[in-house]
Number of protein chains: 2
Amino acid sequence: VLVYDRLVAPELVDEAPEDALRIAREPLEQEQINELLVGYGRAGLDVVRLKGGDPYVFGRGGEEALALAAARVEFEVIAGVSSLTAVPAAAGIPLTHRGLASQATIVTGHDAPLDYAALAQPAGTLVVFMGLGRLAEIAAGLLANGRDPATPAAVIASGTTDRQAVVTAPLAEITAAAAELESPALIVVGDVVGLAGTLEAAKPKSTLTITS
Amino acid sequence: VLVYDRLVAPELVDEAPEDALRIAREPLEQEQINELLVGYGRAGLDVVRLKGGDPYVFGRGGEEALALAAARVEFEVIAGVSSLTAVPAAAGIPLTHRGLASQATIVTGHDAPLDYAALAQPAGTLVVFMGLGRLAEIAAGLLANGRDPATPAAVIASGTTDRQAVVTAPLAEITAAAAELESPALIVVGDVVGLAGTLEAAKPKSTLTITS
(Lines give C-alpha, C1' and ligand atoms only; values in the text may rest on other atoms or scores of the structure.)
Protein backbone atom coordinates (compact mmCIF):
# COMPACT_ATOMS: atom_id res chain seq x y z
CA VAL A 1 0.00 0.00 0.00
CA LEU A 2 1.37 3.39 -0.97
CA VAL A 3 -0.27 6.51 0.49
CA TYR A 4 1.29 9.52 -1.20
CA ASP A 5 1.07 13.30 -1.26
CA ARG A 6 0.41 15.41 -4.32
CA LEU A 7 3.84 17.04 -3.96
CA VAL A 8 5.69 13.74 -4.25
CA ALA A 9 7.68 13.29 -7.47
CA PRO A 10 5.73 10.98 -9.82
CA GLU A 11 8.92 8.97 -10.42
CA LEU A 12 8.84 7.96 -6.76
CA VAL A 13 5.22 6.85 -6.94
CA ASP A 14 6.17 4.80 -9.99
CA GLU A 15 8.68 2.90 -7.89
CA ALA A 16 5.86 1.07 -6.13
CA PRO A 17 5.36 -2.54 -7.27
CA GLU A 18 2.72 -2.98 -9.95
CA ASP A 19 0.31 -4.72 -7.59
CA ALA A 20 0.59 -2.02 -4.92
CA LEU A 21 -2.57 -0.22 -3.88
CA ARG A 22 -1.88 3.48 -4.59
CA ILE A 23 -3.85 5.96 -2.52
CA ALA A 24 -3.62 9.71 -3.14
CA ARG A 25 -3.65 11.61 0.13
CA GLU A 26 -5.27 14.78 -1.07
CA PRO A 27 -9.00 14.02 -0.84
CA LEU A 28 -8.60 12.55 2.65
CA GLU A 29 -8.84 14.18 6.06
CA GLN A 30 -5.94 13.64 8.46
CA GLU A 31 -8.07 11.33 10.60
CA GLN A 32 -8.87 9.19 7.57
CA ILE A 33 -5.20 8.88 6.67
CA ASN A 34 -4.39 7.76 10.19
CA GLU A 35 -7.16 5.16 10.01
CA LEU A 36 -5.93 3.88 6.65
CA LEU A 37 -2.38 3.49 7.89
CA VAL A 38 -3.51 1.74 11.05
CA GLY A 39 -5.99 -0.45 9.21
CA TYR A 40 -3.61 -1.65 6.51
CA GLY A 41 -0.80 -1.96 9.03
CA ARG A 42 -2.90 -4.14 11.31
CA ALA A 43 -3.89 -6.27 8.32
CA GLY A 44 -0.20 -7.06 7.95
CA LEU A 45 0.31 -5.30 4.63
CA ASP A 46 3.51 -3.43 3.83
CA VAL A 47 2.49 0.21 3.98
CA VAL A 48 4.55 3.16 2.77
CA ARG A 49 3.43 6.68 3.64
CA LEU A 50 5.31 8.76 1.09
CA LYS A 51 5.25 12.39 2.14
CA GLY A 52 5.92 15.45 -0.02
CA GLY A 53 7.90 17.19 2.70
CA ASP A 54 9.57 16.44 5.99
CA PRO A 55 7.29 14.19 8.00
CA TYR A 56 8.36 15.88 11.21
CA VAL A 57 8.54 19.53 10.10
CA PHE A 58 5.01 20.85 9.67
CA GLY A 59 4.25 17.50 8.08
CA ARG A 60 1.85 15.98 10.58
CA GLY A 61 4.00 12.89 10.53
CA GLY A 62 3.95 12.99 14.31
CA GLU A 63 0.18 12.62 14.31
CA GLU A 64 0.32 9.66 11.97
CA ALA A 65 3.11 8.11 14.01
CA LEU A 66 1.18 8.55 17.26
CA ALA A 67 -1.87 6.89 15.73
CA LEU A 68 0.28 3.91 14.73
CA ALA A 69 1.94 3.76 18.15
CA ALA A 70 -1.44 3.85 19.89
CA ALA A 71 -2.59 0.97 17.70
CA ARG A 72 0.66 -0.90 18.34
CA VAL A 73 1.55 -0.95 14.67
CA GLU A 74 5.33 -0.93 14.20
CA PHE A 75 6.72 1.72 11.91
CA GLU A 76 9.94 3.41 10.96
CA VAL A 77 10.44 7.01 9.86
CA ILE A 78 12.96 7.35 7.03
CA ALA A 79 14.14 10.91 6.57
CA GLY A 80 14.68 12.20 3.05
CA VAL A 81 16.34 15.29 1.71
CA SER A 82 14.63 18.11 3.57
CA SER A 83 13.13 21.08 1.78
CA LEU A 84 14.20 23.13 4.79
CA THR A 85 17.85 22.82 3.82
CA ALA A 86 17.75 21.73 0.16
CA VAL A 87 15.44 24.44 -1.18
CA PRO A 88 17.40 27.44 0.15
CA ALA A 89 20.64 25.70 -0.93
CA ALA A 90 19.26 25.29 -4.45
CA ALA A 91 18.69 29.04 -4.51
CA GLY A 92 22.21 29.81 -3.28
CA ILE A 93 21.07 30.70 0.24
CA PRO A 94 22.86 29.27 3.29
CA LEU A 95 20.60 29.12 6.37
CA THR A 96 23.50 30.28 8.49
CA HIS A 97 26.70 32.04 7.51
CA ARG A 98 29.47 33.41 9.67
CA GLY A 99 28.94 37.12 10.22
CA LEU A 100 25.46 37.13 8.66
CA ALA A 101 23.30 34.70 10.62
CA SER A 102 24.17 32.47 13.54
CA GLN A 103 20.72 30.95 13.93
CA ALA A 104 17.60 30.11 11.96
CA THR A 105 13.96 29.97 12.94
CA ILE A 106 11.35 27.94 11.10
CA VAL A 107 7.64 28.73 11.13
CA THR A 108 4.62 27.98 8.96
CA GLY A 109 2.40 30.53 7.27
CA HIS A 110 -0.58 28.37 8.27
CA ASP A 111 -0.09 29.75 11.78
CA ALA A 112 -0.34 33.39 10.66
CA PRO A 113 -0.73 35.82 12.33
CA LEU A 114 2.66 34.85 13.74
CA ASP A 115 4.48 36.27 16.75
CA TYR A 116 5.93 39.05 14.62
CA ALA A 117 7.47 40.88 17.59
CA ALA A 118 9.69 37.87 18.34
CA LEU A 119 10.33 36.92 14.71
CA ALA A 120 11.32 40.46 13.73
CA GLN A 121 14.50 40.20 15.81
CA PRO A 122 17.40 40.35 13.37
CA ALA A 123 19.39 37.59 15.11
CA GLY A 124 19.08 35.09 12.34
CA THR A 125 17.39 33.68 9.31
CA LEU A 126 13.63 33.24 9.20
CA VAL A 127 12.23 30.42 7.06
CA VAL A 128 8.48 30.33 6.45
CA PHE A 129 6.91 27.17 5.09
CA MET A 130 3.59 27.40 3.24
CA GLY A 131 3.50 31.16 3.62
CA LEU A 132 3.17 32.48 0.06
CA GLY A 133 -0.58 33.09 0.39
CA ARG A 134 0.08 35.25 3.44
CA LEU A 135 3.29 36.88 2.31
CA ALA A 136 1.85 40.41 2.45
CA GLU A 137 0.71 39.91 6.03
CA ILE A 138 3.98 38.28 7.10
CA ALA A 139 6.16 40.99 5.55
CA ALA A 140 3.98 43.73 7.03
CA GLY A 141 4.05 42.07 10.45
CA LEU A 142 7.84 41.88 10.46
CA LEU A 143 8.19 45.47 9.25
CA ALA A 144 5.66 46.78 11.79
CA ASN A 145 7.77 45.18 14.52
CA GLY A 146 10.96 46.84 13.47
CA ARG A 147 12.62 44.53 10.98
CA ASP A 148 14.70 46.61 8.59
CA PRO A 149 12.80 47.17 5.31
CA ALA A 150 16.09 46.60 3.48
CA THR A 151 16.49 43.08 4.91
CA PRO A 152 17.03 40.74 1.96
CA ALA A 153 14.13 38.33 1.40
CA ALA A 154 13.49 35.52 -1.03
CA VAL A 155 10.60 33.44 -2.23
CA ILE A 156 11.59 30.10 -3.72
CA ALA A 157 8.78 28.37 -5.60
CA SER A 158 8.97 24.68 -6.53
CA GLY A 159 12.51 24.61 -5.18
CA THR A 160 14.91 21.97 -6.53
CA THR A 161 12.55 21.04 -9.37
CA ASP A 162 12.70 22.00 -13.09
CA ARG A 163 10.10 24.64 -12.30
CA GLN A 164 12.15 26.30 -9.56
CA ALA A 165 11.63 30.06 -9.56
CA VAL A 166 13.42 32.40 -7.17
CA VAL A 167 12.61 36.01 -6.44
CA THR A 168 14.77 38.11 -4.14
CA ALA A 169 13.98 41.63 -3.00
CA PRO A 170 14.22 43.81 0.09
CA LEU A 171 11.61 42.74 2.66
CA ALA A 172 9.57 45.88 2.00
CA GLU A 173 9.24 44.93 -1.69
CA ILE A 174 9.15 41.14 -1.61
CA THR A 175 5.35 40.82 -1.75
CA ALA A 176 5.08 42.78 -4.99
CA ALA A 177 8.19 41.14 -6.43
CA ALA A 178 6.87 37.62 -5.78
CA ALA A 179 3.33 38.29 -6.98
CA GLU A 180 3.60 35.89 -9.92
CA LEU A 181 4.99 32.94 -7.99
CA GLU A 182 2.87 29.96 -7.07
CA SER A 183 2.89 27.49 -4.20
CA PRO A 184 4.62 25.40 -3.00
CA ALA A 185 7.06 28.06 -1.91
CA LEU A 186 9.49 28.74 0.87
CA ILE A 187 10.06 32.28 2.16
CA VAL A 188 13.49 33.16 3.51
CA VAL A 189 14.18 36.45 5.30
CA GLY A 190 17.62 37.53 6.47
CA ASP A 191 21.02 38.77 5.46
CA VAL A 192 21.99 35.34 4.12
CA VAL A 193 19.63 35.97 1.20
CA GLY A 194 22.10 38.61 0.07
CA LEU A 195 24.50 35.81 -0.88
CA ALA A 196 22.06 34.28 -3.35
CA GLY A 197 23.14 36.36 -6.33
CA THR A 198 26.82 35.55 -5.91
CA LEU A 199 26.37 31.86 -5.19
CA GLU A 200 23.74 31.31 -7.88
CA ALA A 201 25.90 32.97 -10.53
CA ALA A 202 28.61 30.35 -10.03
CA LYS A 203 26.26 27.39 -10.60
CA PRO A 204 26.71 25.37 -13.77
CA LYS A 205 23.10 24.20 -13.83
CA SER A 206 20.61 26.35 -15.68
CA THR A 207 17.70 27.20 -13.43
CA LEU A 208 14.93 29.71 -13.95
CA THR A 209 15.93 32.50 -11.65
CA ILE A 210 14.07 35.78 -11.50
CA THR A 211 15.81 38.38 -9.38
CA SER A 212 14.23 41.74 -8.83
CA VAL B 1 39.70 15.05 -6.01
CA LEU B 2 37.68 14.23 -2.93
CA VAL B 3 37.95 16.52 0.10
CA TYR B 4 36.05 14.88 2.94
CA ASP B 5 35.16 15.44 6.59
CA ARG B 6 35.89 13.03 9.41
CA LEU B 7 32.15 12.62 10.05
CA VAL B 8 31.47 11.34 6.54
CA ALA B 9 30.55 7.65 6.33
CA PRO B 10 33.58 5.67 5.11
CA GLU B 11 31.33 3.90 2.56
CA LEU B 12 30.84 7.24 0.85
CA VAL B 13 34.56 7.97 0.70
CA ASP B 14 35.01 4.50 -0.81
CA GLU B 15 32.72 5.51 -3.67
CA ALA B 16 35.44 7.73 -5.10
CA PRO B 17 37.23 6.30 -8.15
CA GLU B 18 40.47 4.46 -7.37
CA ASP B 19 42.60 7.14 -8.93
CA ALA B 20 40.94 9.96 -7.01
CA LEU B 21 43.09 12.10 -4.77
CA ARG B 22 41.54 11.75 -1.29
CA ILE B 23 42.14 14.64 1.10
CA ALA B 24 41.00 14.50 4.72
CA ARG B 25 39.70 17.88 5.82
CA GLU B 26 40.56 17.69 9.49
CA PRO B 27 44.18 18.87 9.61
CA LEU B 28 43.40 21.83 7.37
CA GLU B 29 42.33 25.36 8.22
CA GLN B 30 39.23 26.72 6.49
CA GLU B 31 41.35 29.03 4.35
CA GLN B 32 43.46 26.09 3.18
CA ILE B 33 40.36 24.13 2.20
CA ASN B 34 39.08 27.08 0.20
CA GLU B 35 42.45 27.33 -1.56
CA LEU B 36 42.51 23.61 -2.35
CA LEU B 37 39.01 23.70 -3.83
CA VAL B 38 39.80 26.77 -5.90
CA GLY B 39 43.18 25.44 -7.00
CA TYR B 40 41.98 22.03 -8.12
CA GLY B 41 38.85 23.55 -9.62
CA ARG B 42 40.88 26.02 -11.68
CA ALA B 43 43.11 23.18 -12.80
CA GLY B 44 40.03 21.64 -14.37
CA LEU B 45 39.84 18.60 -12.10
CA ASP B 46 36.53 17.20 -10.90
CA VAL B 47 36.38 18.14 -7.26
CA VAL B 48 33.91 16.80 -4.70
CA ARG B 49 33.73 18.44 -1.30
CA LEU B 50 31.98 15.79 0.77
CA LYS B 51 30.74 17.30 4.00
CA GLY B 52 29.75 15.52 7.19
CA GLY B 53 26.76 17.76 7.78
CA ASP B 54 24.65 20.28 5.96
CA PRO B 55 26.93 22.53 3.96
CA TYR B 56 24.68 25.50 4.60
CA VAL B 57 23.70 24.91 8.26
CA PHE B 58 26.72 25.72 10.44
CA GLY B 59 28.75 23.94 7.79
CA ARG B 60 30.82 26.80 6.38
CA GLY B 61 29.74 25.70 2.95
CA GLY B 62 28.83 29.30 2.25
CA GLU B 63 32.44 30.34 2.81
CA GLU B 64 33.75 27.66 0.48
CA ALA B 65 31.12 28.56 -2.10
CA LEU B 66 31.99 32.26 -1.92
CA ALA B 67 35.67 31.45 -2.43
CA LEU B 68 34.78 29.46 -5.54
CA ALA B 69 32.47 32.19 -6.83
CA ALA B 70 35.16 34.83 -6.29
CA ALA B 71 37.59 32.67 -8.28
CA ARG B 72 34.95 32.10 -10.97
CA VAL B 73 35.03 28.35 -10.45
CA GLU B 74 31.64 26.83 -11.23
CA PHE B 75 30.13 24.62 -8.56
CA GLU B 76 26.88 23.04 -7.53
CA VAL B 77 25.65 22.36 -3.99
CA ILE B 78 23.89 19.02 -3.69
CA ALA B 79 21.88 18.73 -0.50
CA GLY B 80 21.85 15.44 1.35
CA VAL B 81 19.75 14.11 4.18
CA SER B 82 20.07 16.76 6.86
CA SER B 83 21.03 15.94 10.42
CA LEU B 84 18.72 18.77 11.44
CA THR B 85 15.66 16.74 10.49
CA ALA B 86 16.95 13.16 10.27
CA VAL B 87 18.62 12.95 13.68
CA PRO B 88 15.61 14.06 15.76
CA ALA B 89 13.38 11.85 13.57
CA ALA B 90 15.63 8.87 14.26
CA ALA B 91 15.07 9.51 17.97
CA GLY B 92 11.30 9.76 17.60
CA ILE B 93 11.25 13.54 17.95
CA PRO B 94 9.28 15.71 15.49
CA LEU B 95 10.67 19.25 15.24
CA THR B 96 7.12 20.58 15.18
CA HIS B 97 3.89 18.98 16.30
CA ARG B 98 0.40 20.41 16.45
CA GLY B 99 -0.31 21.61 19.98
CA LEU B 100 3.28 21.15 21.15
CA ALA B 101 5.53 23.28 18.94
CA SER B 102 4.67 25.47 16.01
CA GLN B 103 8.21 26.62 15.31
CA ALA B 104 11.81 25.55 15.68
CA THR B 105 14.99 27.52 16.22
CA ILE B 106 18.44 26.25 15.32
CA VAL B 107 21.64 27.47 16.96
CA THR B 108 25.17 26.19 17.44
CA GLY B 109 26.90 25.60 20.75
CA HIS B 110 30.03 27.11 19.21
CA ASP B 111 28.35 30.48 19.65
CA ALA B 112 27.79 30.01 23.40
CA PRO B 113 27.03 32.04 25.43
CA LEU B 114 23.84 32.26 23.37
CA ASP B 115 21.01 34.79 23.64
CA TYR B 116 19.37 32.73 26.38
CA ALA B 117 16.70 35.35 27.09
CA ALA B 118 15.34 34.99 23.56
CA LEU B 119 15.91 31.24 23.29
CA ALA B 120 14.18 30.52 26.61
CA GLN B 121 10.82 31.53 25.15
CA PRO B 122 8.68 28.42 25.12
CA ALA B 123 7.22 29.08 21.66
CA GLY B 124 8.89 26.18 19.96
CA THR B 125 11.60 23.61 19.69
CA LEU B 126 15.25 24.54 20.20
CA VAL B 127 17.88 22.53 18.34
CA VAL B 128 21.52 23.02 19.28
CA PHE B 129 24.22 21.75 16.95
CA MET B 130 27.67 20.99 18.37
CA GLY B 131 26.56 21.91 21.88
CA LEU B 132 27.36 18.84 23.97
CA GLY B 133 30.56 20.31 25.39
CA ARG B 134 28.59 23.32 26.61
CA LEU B 135 25.41 21.55 27.63
CA ALA B 136 25.69 22.59 31.29
CA GLU B 137 26.02 26.25 30.31
CA ILE B 138 23.23 26.08 27.76
CA ALA B 139 20.77 24.37 30.12
CA ALA B 140 21.64 26.78 32.93
CA GLY B 141 21.24 29.76 30.60
CA LEU B 142 17.78 28.65 29.50
CA LEU B 143 16.68 27.90 33.07
CA ALA B 144 18.04 31.23 34.38
CA ASN B 145 15.90 32.97 31.77
CA GLY B 146 12.71 31.28 32.80
CA ARG B 147 12.45 28.13 30.74
CA ASP B 148 10.50 25.55 32.74
CA PRO B 149 12.90 23.06 34.42
CA ALA B 150 10.45 20.30 33.48
CA THR B 151 10.77 21.04 29.74
CA PRO B 152 11.67 17.77 28.03
CA ALA B 153 15.17 17.75 26.60
CA ALA B 154 17.17 15.22 24.60
CA VAL B 155 20.74 14.63 23.57
CA ILE B 156 21.15 12.46 20.50
CA ALA B 157 24.71 11.26 19.95
CA SER B 158 25.84 9.80 16.60
CA GLY B 159 22.24 10.04 15.40
CA THR B 160 21.11 7.69 12.60
CA THR B 161 24.27 5.55 12.92
CA ASP B 162 24.73 2.14 14.59
CA ARG B 163 26.18 3.99 17.53
CA GLN B 164 23.14 6.23 18.03
CA ALA B 165 22.53 6.93 21.72
CA VAL B 166 19.63 8.99 22.98
CA VAL B 167 19.15 10.44 26.45
CA THR B 168 15.99 12.26 27.41
CA ALA B 169 15.42 14.07 30.68
CA PRO B 170 13.82 17.24 32.02
CA LEU B 171 15.92 20.27 31.09
CA ALA B 172 17.05 20.68 34.69
CA GLU B 173 18.51 17.16 34.67
CA ILE B 174 19.70 16.73 31.08
CA THR B 175 23.33 17.65 31.74
CA ALA B 176 23.80 14.93 34.35
CA ALA B 177 21.75 12.45 32.34
CA ALA B 178 23.83 12.94 29.20
CA ALA B 179 27.21 12.94 30.95
CA GLU B 180 28.38 9.74 29.24
CA LEU B 181 27.48 10.73 25.70
CA GLU B 182 30.08 11.80 23.18
CA SER B 183 30.08 14.15 20.22
CA PRO B 184 28.82 14.49 17.59
CA ALA B 185 25.51 15.19 19.27
CA LEU B 186 22.40 17.22 18.72
CA ILE B 187 20.53 18.78 21.67
CA VAL B 188 16.77 19.19 21.39
CA VAL B 189 14.74 21.16 23.95
CA GLY B 190 10.97 21.41 23.90
CA ASP B 191 7.69 19.64 24.47
CA VAL B 192 8.11 17.61 21.28
CA VAL B 193 10.82 15.62 23.06
CA GLY B 194 8.04 14.20 25.23
CA LEU B 195 6.85 12.21 22.20
CA ALA B 196 10.15 10.36 21.87
CA GLY B 197 9.26 7.52 24.22
CA THR B 198 5.98 6.75 22.48
CA LEU B 199 7.30 7.04 18.95
CA GLU B 200 10.53 5.17 19.62
CA ALA B 201 8.69 2.27 21.24
CA ALA B 202 6.81 1.59 18.01
CA LYS B 203 9.96 1.32 15.90
CA PRO B 204 10.91 -2.09 14.54
CA LYS B 205 14.61 -1.26 14.28
CA SER B 206 16.73 -1.94 17.32
CA THR B 207 18.66 1.13 18.34
CA LEU B 208 20.61 1.76 21.50
CA THR B 209 18.32 4.04 23.44
CA ILE B 210 19.04 5.16 26.97
CA THR B 211 16.17 7.01 28.56
CA SER B 212 16.52 8.47 32.02
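The values are calculated or read from the model by the stated rules, or taken from the named source; none is laboratory data. Note that this is a predicted model, so its numbers are computed, not measured. Virtual Cβ from ideal backbone geometry, glycine too; neighbours counted across all protein chains shown. When the accessible area is computed, the model is the full protein with side chains, heavy atoms only, and any ligands, DNA or RNA have been set aside. Shrake-Rupley method; radii C 1.70, N 1.55, O 1.52, S 1.80 Å.
Label point of B:PRO170 (7 Å along Cα→beta-carbon): distances to the other copies' equivalent points are 5.0 nm, sorted ascending.
Overall, the protein assembly as shown carries a charge dipole of about 500 debye about its Cα centre when +1 sits on the Cβ of Lys and Arg and -1 on the Cβ of Asp and Glu, all other atoms neutral. Pick from B:ALA139, B:ALA20, B:ALA89: which residue has the top mean-square fluctuation in a GNM of chain B where Cα pairs under 10 Å get a spring? Highest fluctuation among the options: B:ALA20.
At q = 0.14, 0.21 Å⁻¹, what base-10 log of I(q)/I(0) does the Debye formula yield for the stretch A:32-155 when every alpha carbon is treated as an equal point scatterer in vacuo? The calculated log intensity ratios at q = 0.14, 0.21 Å⁻¹ are -0.73, -1.17. Return, ordered by residue number, the residues of the stretch B:51-77 whose backbone nitrogen is under 17 Å from a label point located 7 Å along Cα→Cβ of B:HIS110. Only B:51-67 fall inside the zone, counting backbone N under 17 Å. Between the Cα long axis of helix A:135-144 and the first principal axis of chain A there is an angle of about 50°, rounded to the nearest 10.
Calculate how steeply helix A:61-70 sits against the longest principal axis of the alpha-carbon atoms of chain A, using the helix alpha-carbon long axis, and give the answer as 0 to 90 degrees to the nearest 10. Approximately 30 degrees, to the nearest ten. Relative to the other identical copies, A:GLU76 shows label-point distances of 3.0 nm, where the label point lies 7 Å from Cα along the Cβ direction and values run shortest first. For the stretch A:187-200, putting each phi into the Karplus relation 6.51 cos²θ - 1.76 cosθ + 1.60 with θ = phi - 60° gives couplings of 9, 10, 10, x, 4, 4, 4, x, 7, 4, x, 5, 6, 5 Hz, in residue order, rounded to whole numbers and with x for Gly and Pro.
Modelled label-to-label distance, B:ALA150 and B:ALA16, 7 Å Cα→beta-carbon offset: nm? My value for the distance between the label points is 5.3 nm.
Once C-alpha pairs closer than 8 Å and six or more residues apart are averaged by separation and normalised to the residue number of chain A, the relative contact order reads 17 percent.
Could you name every residue in the stretch A:47-63 that has 10 Å² or more less accessible surface in the full protein assembly than in its own chain alone (probe 1.4 Å, ligands and nucleic acids excluded)? Buried-area filter returns A:ASP54, A:TYR56, A:VAL57, A:PHE58, A:ARG60, A:GLY62, A:GLU63. Taking the inverse of the mean 1/r over every pair of distinct Cα atoms in chain B gives a Kirkwood hydrodynamic radius of 18.6 Å.
Could you tell me what percent of the DSSP beta bridges with both partners in the protein assembly as shown are antiparallel, to the nearest 5? If we restrict to bridges inside the protein assembly as shown, about 60 percent are antiparallel.
If I fit a long axis through the Cα atoms of helix B:30-42 and take the longest principal axis of the Cα atoms of chain B, what angle between them do I get, 0 to 90°, rounded to 10? Taking the Cα atoms of chain B, the angle to B:30-42 is about 40 degrees. On association of chains A and B, roughly 3800 Å² of accessible area becomes buried (total for both chains; probe 1.4 Å).
Within 10 Å of the Cβ of each residue in A:65-75, the mean number of Cβ atoms contributed by other protein chains is 4. Whole-Hz Karplus values for the stretch B:19-29 come out as 8, 6, 7, 9, 10, 6, 6, 4, x, 9, 7 Hz, taken residue by residue from phi with 6.51 cos²θ - 1.76 cosθ + 1.60 and θ = phi - 60°; glycine and proline positions read x.
Of the peptides A:107-115, B:103-111, the ranking by mean beta-carbon count within 10 Å, highest at the top, reads B:103-111, A:107-115. Considering the stretch A:1-48 at the alpha-carbon level, its Rg and Dmax are found to be 10.8, 28 Å. Comparing A:VAL77, A:VAL57, A:VAL155 in a Gaussian network model of chain A where C-alpha atoms under 10 Å apart are linked, the largest mean-square fluctuation is found at A:VAL77. Take every DSSP beta bridge whose two residues both sit in chain A; close to 55 percent of them are antiparallel. Taken per residue, the accessible surface of the protein assembly as shown reaches 47 Å², heavy atoms only and a 1.4 Å probe. Of the accessible area of the protein assembly as shown, computed with a 1.4 Å probe over protein heavy atoms only, carbon and sulfur atoms account for 52 percent. Evaluated with a Cβ-only charge set (Lys, Arg +1; Asp, Glu -1), the stretch B:12-73 carries a dipole of roughly 240 debye about its Cα centre, given to the nearest 20. Label-point spacing for A:ASP148 across the identical copies (point 7 Å from Cα in the Cβ direction), in nm and ascending order: 3.7.
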